[in-house]
1. Output the residues belonging to region 402-442 that are farther than 30 Å from Lys612 by Cβ and polar (S, T, N, Q).
2. Name every residue in region 74-95 that is hydrophobic (A, V, I, L, M, F, W, C), open to solvent by 50 Å² or more (accessible area, probe 1.4 Å) and touching a Lys or Arg at 6+ places or on another chain (Cβ under 9 Å), in order of residue number.
3. Considering each of Gly351, Gly399 in turn, give the residue that is part of a loop (DSSP other than H, G, I, E, B) and over 26 Å from Met485 (Cβ atoms).
4. Filter region 187-202 down to the residues that are farther than 14 Å from Ile34 by Cα and either more than 34 Å from the chain's Cα centre (by Cα) or of a type in the set (Lys, Arg) (or both) and list them by number.
5. Look at Arg413 and say whether it is of a type in the set (D, E, K, R), over 30 Å from Asp336 (Cα atoms) and in contact with a Leu (Cβ under 8 Å, 6 or more places away or on another chain).
6. Within region 75-84, does at least one residue satisfy the condition of being of a type in the set (Ser, Thr, Tyr) and either under 22 Å from Glu190 (Cα atoms) or under 39 Å from the mean Cα position of the chain (by Cα) (or both)?
7. Return only the number of the condition from (1) in a loop (DSSP other than H, G, I, E, B); (2) closer than 15 Å to Glu530 by Cα that Val297 does not satisfy.
8. Please verify whether region 371-387 includes one or more residues that are open to solvent by 70 Å² or more (accessible area, probe 1.4 Å), among the charged types (D, E, K, R) and closer than 28 Å to Glu597 by Cα.
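The values are calculated or read from the model by the stated rules, or taken from the named source; none is laboratory data. Note that this is a predicted model, so its numbers are computed, not measured. All Cβ positions, glycine included, derive from the backbone under ideal geometry; neighbour counts span all protein chains shown. Just the protein is used for accessible areas: all its heavy atoms, side chains included, with ligands, DNA and RNA removed. Shrake-Rupley method; radii C 1.70, N 1.55, O 1.52, S 1.80 Å.
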Amino acid sequence: MKRIYLITMFILLCFLLAASPVDARTFSIDKVHIKAWIQPNGDLIINEFFSYTFDGEYNRVRRSVHLDGHDGVKNFEAYELLNQDRVPGFIDRGELRPLEVQQDGNDLFAELHAINETKTALFIYELKNAVRSYDAYSDLTIPFFGTGKNHGADLQNVTIDFVFPEPVGTDDYHAFIHEPDGELLEKTEEVVRFYTPVSQKRELTEVRLLFPSAIMKKQSKQTAPVSLENILKEENKLVHAETEKMEAHSKVVRLLYAITVLFALMALGLVFLPQRIGRGSGNHGDLLMYDPLELYVIDRAGKKDDFAFLAGILSLVDKGLVTISDTKTLIRFAQDGEAPARTLSFAFRQGLKQMSESENILLDWLFTRKVKGGIRIFSMNNIYGATQTEKKERKEMYGYYLRRFRFMQMERRWFHRVILNIKGSGLVRGTFCRIAGRFLMISIMAGIVLAYFVNSAPGFGILLYTAVSGYLLKKGWAAEGRSQMFLILAISLLAAIFIIDTGQRVPYILFVLSGSLLFAALPEFLLSTEAARIRADIRMFRRQLKQEGIPSMEDDANLERRMGLALILRAKKFTIQPKESEEWMKAAPLSAFILSEGNPMNYLFETWKLSKPPLTFYKTNKPQGKDNSSSFDGGSGGGSYGGDSGGGAGAD
């Protein structure tokens, strides 16, 4: 278990490191307008407008220029545009304020101070030999914004214009944009215009022009390595592939939304399982005919809490194998004002009845003190944890941690056998819920992995997710609890947030959340029709105790049984008519103890909370945690830019 938590922390750290750094400041790039003039010698003169909205204080902006497809960047200049209504190519010098520029590789920084305001930066630069000219055609391919970390922010409303050195017939050239939402907006003899509503971070935004090389009069021509016809075929294949990808993504999104709705409806349907809302027989007095341990398991629907061991002991009491008495609490509790003066003690005497394997485990686990006559004793003194004073002074805390740790280990072993016995009786069934839970985990994992193939998410993230979630699935496949499965859900949610593209993550997040809701609604065990009726009778029993209390005419045996059931079935406060006779106190020792000393479990749970083992010991569920002489309370269970050759933009 410790390794699982360490691996989970590791995956969480990796996802957080892969995510954008958390910063009190934020900025957005709301509009980008690029205009490029093709020169007859193959160079490209580029003007770019970037409109920023700053939330917080910033001192500079960055433009990362791609390194592919040209022989270098020269004459880089940066300005603040004072009239933000202008467009590239139509600017007066008086509307510009020069900015100091620094260069670091292909990253170009301009000093632009801004505090909670909107500003527009103009970048001017030239790309040397950006056009490749051949005998039959010229090829201009510009990946303005690449797939690396330089393109670390979404760019909204991106317009890209190209101006030819002389007019070209619209049928004589071909224009393409490599961007999922990009489109060819305008095509004239002099200007080509592309547009995309958003250039998503780390998504390629690239344009390509194929035009007659005759207009490149100052550039030497080479023999074309590939014919124009073959290039056009490849471009058409890319367009077709992009269309198919978008259609596939749309189908996946529709499927995820459908599954999300289905999961939500199934989770809602599970709320109305008979074991949760079913009606009982109307006669909760029939509960006295059942074994207290069976009633406890049915009430908790197969889950264990800190009342489990007491339910097991009361089962032996009900069979006449154990008797109840009280004894003084240990001397170490004398200084604790919250400690009761007395506590419960139980004595086991071997009878003629055949005991089950789970009962023998309980006996060997708790009833370790042997006295004359073959009697074995268990006192709650044996399982108390640390007091407040001992916790503050850290007195012998390791011993209390170890004792509590071993108690939980033995309790888990014993309860596992109890569940197997009750499964054999047909009252509870767990196979279907276990299979359904595993199938649900596989479905969610498959959905996240499918997102990678459809959306081309970052490879390292999906590999890390697959490895860790697969490991957790393997560990949790045969495990009793569901902690590993909840960890898979948590990691899947992180994966949906961090490795799915921003514009596409909503359906995946909803898919994981609906799957989590369904898994949480799925019970660990399904109750049989009889068990569901018994559970409904238990709810009526608790309600009646709260409203009416225990009837005063109850005989001592029934009163004792009802008091024990009220204790393990978590009944709230209820009234009981006290009896003072010594005969009654002997016949109903548990009832007499509760009336005089209060709930015997309250102080036990308090000491358990103080003795909860640290992570190195912790192996099972957390422990859970007043009354007066005439009432009883059942209590509660206890951005870096280096190393990227692609284009992008940002601010610092």
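1. Matches in region 402-442: Ser425, Thr431.
2. Passing the criteria: Leu82, Val87.
3. Gly351
4. If the condition is that a residue be farther than 14 Å from Ile34 by Cα and either more than 34 Å from the chain's Cα centre (by Cα) or of a type in the set (Lys, Arg) (or both), then Lys187, Thr188, Glu189, Glu190, Lys201, Arg202 are the ones that fit.
5. no
6. No, because not a single residue in region 75-84 is of a type in the set (Ser, Thr, Tyr) and either under 22 Å from Glu190 (Cα atoms) or under 39 Å from the mean Cα position of the chain (by Cα) (or both).
7. (1)
8. Looking through region 371-387, none of the residues is open to solvent by 70 Å² or more (accessible area, probe 1.4 Å), among the charged types (D, E, K, R) and closer than 28 Å to Glu597 by Cα.
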